[in-house]
1. Within 10 Å of each candidate Cβ there may be at most 15 other Cβ atoms; applying that plus a DSSP loop requirement, which trypsin sites (Lys or Arg not before Pro) in region 162-217 survive?
2. Under the classification rounded if a/c is under 1.5, otherwise prolate if a/b is larger than b/c and oblate if not, where does region 123-272 fall, given a ≥ b ≥ c as square roots of the Cα gyration tensor eigenvalues?
3. Using θ = phi - 60° and the Karplus form 6.51 cos²θ - 1.76 cosθ + 1.60, what ³J(HN,Hα) does each residue of region 176-186 get, whole Hz, x for Gly and Pro?
4. Short version: ³J(HN,Hα) in whole Hz for each residue of region 43-58, in order, from phi by Karplus 6.51 cos²θ - 1.76 cosθ + 1.60 (θ = phi - 60°), x for Gly and Pro, what are they?
5. Long-range amide H contacts for THR246: which residues qualify at under 5 Å (H placed 1.01 Å from N, peptide plane, sequence gap of 5 or more or a different chain)?
6. List, in the order given, every pair from LYS31/LYS158; LYS115/LYS158; LYS60/LYS158 whose Cα-Cα distance in the structure shown is over 20 Å.
7. Given bins 10 angstrom wide, list per bin the percent of all Cα-Cα distances in region 197-236, short to long.
8. By how many nm would the segment from ASN226 to ARG206 lengthen if fully extended, with 0.36 nm per residue of separation less the alpha-carbon distance?
Amino acid sequence: MNWNGHVAIVTGAASGIGAGIAVCFAEAGAKIVVADINERLGEQVTADLQARYGKGLFVKTDVSQVADCKGLMDATLAAYGQIDTLVNNAGVNFVKPTLEMDEADWDRVVDVDLKGTFLCSRYALEAMVERRSGAIINIASVHTVATLPAAAPYAASKGGVDMMTRSMAIEFAPYGIRVNAVSPGLTDTQIWNDIQDAAEDAELARQHWMDNIPLGRVQSPREVGNVVLFLASEQSSYVTGANIFTDGGMTIQLTNRERFASKSLDGMAPQD
Ligand SMILES: NC(=O)c1ccc[n+]([C@@H]2O[C@H](COP(=O)([O-])OP(=O)(O)OC[C@H]3O[C@@H](n4cnc5c(N)ncnc54)[C@H](O)[C@@H]3O)[C@@H](O)[C@H]2O)c1
C-alpha cells in the first residue's frame, strides 16, 4: 500500500501504545497528527517524528472536551486537507475497589475512554462521510471479554467502546467507512511498570502475568501499531466491526481456564 498522502490522527500519542502507533504510520510514509493532553510529551514525540520521518503535527487535545475534538479535526483539515484514519487510543485506567469509588473516579475514566472515543469519532466522521472513505480504529482492551475486580469504570468503558465500534461499523459502512477495535493485552508501557512497582513481590507479579500469557511475554507498543496499520490499510478492506485481540493468547487462556480445569488432560498431550 502507498501511504503517501494518507493522513492519520492518533489520540494519546504522546506516550506508550499511541507513540508506538504513530511511529508505525510515520515509518510507512503517512502524515501523522499527534493529539494529546500532555503538551510537553506531545511536542517531544512530534519533534522526534519530524526529525526521523520529516512529518508530524501536534495538536493539544483533551478528548473529553467537545471544543478540543472539533479543534483537532479543524487543525488536521487545515494542515492536510483530509482525514483518512482516526485512532482513538487516549485512555486512563486505575484499579480501585468499587466501594471506595466516587462519582469523580467514574467520570475520570468514562469521560476519556468512552466519551472521548465517541466525540473524536463524531467529528472525524463528518469529514470522512463527505469524502465517502475513512477508517476508525478504537483501542479497546482485553477487559472487553476478560476483566478484573476493582476495574468497573474501565471495564464498562472498554465494553462500551467494543459495542460502539459495532454500531458505528454498520451505520457508516454505506459511506465506505470502516470502524474496528483493537484489544491489546499486557503492553510494555507505564502501566506495566506501575503493576510491577505496586506489587509486594515484583518477580512474583511478573510470573503471575506470564503464566496467563501463552506467548509468555509482554508485547511492545509497535506490535499493537502493526495491527492498527493493517486495519487502516487496504489489506483489511473487508474488515469492519471487528475487535482484534493482540494479547499473546491471554483472553483465550483466561476464558477457557475453568473448562480446562474441570477436565483431565492425561493422555491428551503429544507422546514422546
Ligand atoms: N498498556 C497496556 O497494557 C494496555 C492494555 C490494554 C489496553 N490499553 C489501552 O491502550 C491505550 C493506551 O494506553 P497506554 O498503556 O499507552 O497508556 P499511557 O498512559 O502510556 O498513554 C495514554 C496517553 O493518553 C493521554 N491522555 C490521557 N487523557 C487524555 C485526554 N483526556 N485527552 C487526550 N489524551 C489523553 C496521556 O497523556 C498519554 O499520553 C489506552 O486506551 C489503554 O486503555 C493499554
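Coordinate-derived values only; no laboratory data. Values in this document were obtained by computation on a predicted structure and should not be read as measured data. With ideal geometry, Cβ positions are generated from the backbone for all residues, glycine too; neighbour counts draw on all protein chains shown.
1. ARG217
2. prolate
3. With the stated coefficients, region 176-186 comes to x, 9, 9, 10, 9, 10, 10, 10, x, x, 4 Hz.
4. Result, rounded to whole Hz: 4, 5, 4, 5, 4, 5, 5, 5, 5, 8, 10, x, 8, x, 10, 9.
5. Residues meeting the amide H criterion: SER183, GLY185.
6. Over 20 Å Cα-Cα: LYS31/LYS158; LYS60/LYS158.
7. Pairs per bin, as whole percents: 26, 32, 26, 14, 3.
8. Here the answer is 4.7 nm.
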